[in-house]
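The values are calculated or read from the model by the stated rules, or taken from the named source; none is laboratory data. Note that the structure is a prediction, hence the values are computed from the model and not measured. Using ideal geometry, Cβ is built from the backbone for each residue, glycine included, and neighbour counts are taken over all protein chains shown. Accessible surface areas use protein heavy atoms only, side chains included; no ligands, DNA or RNA. Shrake-Rupley method; radii C 1.70, N 1.55, O 1.52, S 1.80 Å.
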Amino acid sequence: MFMITRGLRFIKRQLKAIPAAISSFYFDKLLKRSYYKKIPTGILWMNFIHQRLFGINGKVPFSVYYTNSIEGFENIILPENDESIKTSFAVSGGCYFAIFKGTTLEIGEKTIWAFNVCIQTGNHDLYDRSVYHTRSVKIGKNCWIGNGVTILAGVELGDNVTVGANSVVTKSFPSNVVIGGVPARILKEL
């Protein structure tokens, strides 16, 4: 009886390893996107359905969370093969990135963000709302952008910047600082 129970446990372990092996083969070998293994399968499927079947964020060549809106993706500059940025795109929902024509959004490697982040490279004029003022946005390496942050046109963040939740970033900041508030200001230097 002991040998049968032990044998059944072995078979159960082997069966549990099959989906992981298939997943590993599919993401590593076929798609060449090993970072997808870090993303829950349900989210990947929802992202796929919205992106590829419904065409929402369809121009983006990697998984984007299904509640995100990314306008002007062709103007976003990303480092080669940075998995953390692509993972943030796939799992951080409710984000709105509006990159206007003639501007860019540059995101440094290993930068990540939370839910509901808004980044825009254009703003209405104070007096004539039909006029837009556009300026590029640059975010340095290894930055963390907290939940509900808004980053406005013309902002440049240095490397290793942490932006506190619900902050509105209206101006540029140097490297190695923690910023927060409305409007954002330096809270701590690292």
Requested in this report: First compute the accessible area of the range 87-190 with a 1.4 Å probe, then give the percent of it belonging to carbon and sulfur atoms.
Outcome: 52 percent
Report summary line: In order over the range 178-190: 3J(HN,Hα) from phi, Karplus 6.51/-1.76/1.60, θ = phi - 60°, whole Hz, x for each Gly or Pro, gives 10, 10, x, x, 10, x, 5, 9, 6, 9, 7, 9, 9
Report task. Write down the accessible area per residue of the range 58-168 in Å², having rolled a 1.4 Å probe over the full set of protein chains. Result -> 47 Å²
Report summary line: Subtracting the Cα-Cα distance of Asn142 and Thr104 from 0.36 nm times their residue separation yields 11.8 nm
Query - Two-site label geometry, Thr41 and Glu80: point separation in nm, points 7 Å out along Cα→Cβ - result: 3.4 nm
Report task. With r as the distance between the Cβ atoms of Arg52 and Ile186 and R0 = 41 Å, compute the FRET efficiency 1/(1 + (r/R0)^6) and round to 0.05. Result -> 0.45
**Report entry** Amide hydrogen neighbours beyond the local backbone of Tyr65, cut-off 5 Å, H modeled
**Finding:** Ala90, Val91, Ser92
**Report entry** Straight-distance crosslink candidates among aspartates and glutamates, where the alpha carbon sits under 16 Å from Lys101 and sequence neighbours closer than 8 are dropped
**Finding:** Glu71, Glu74
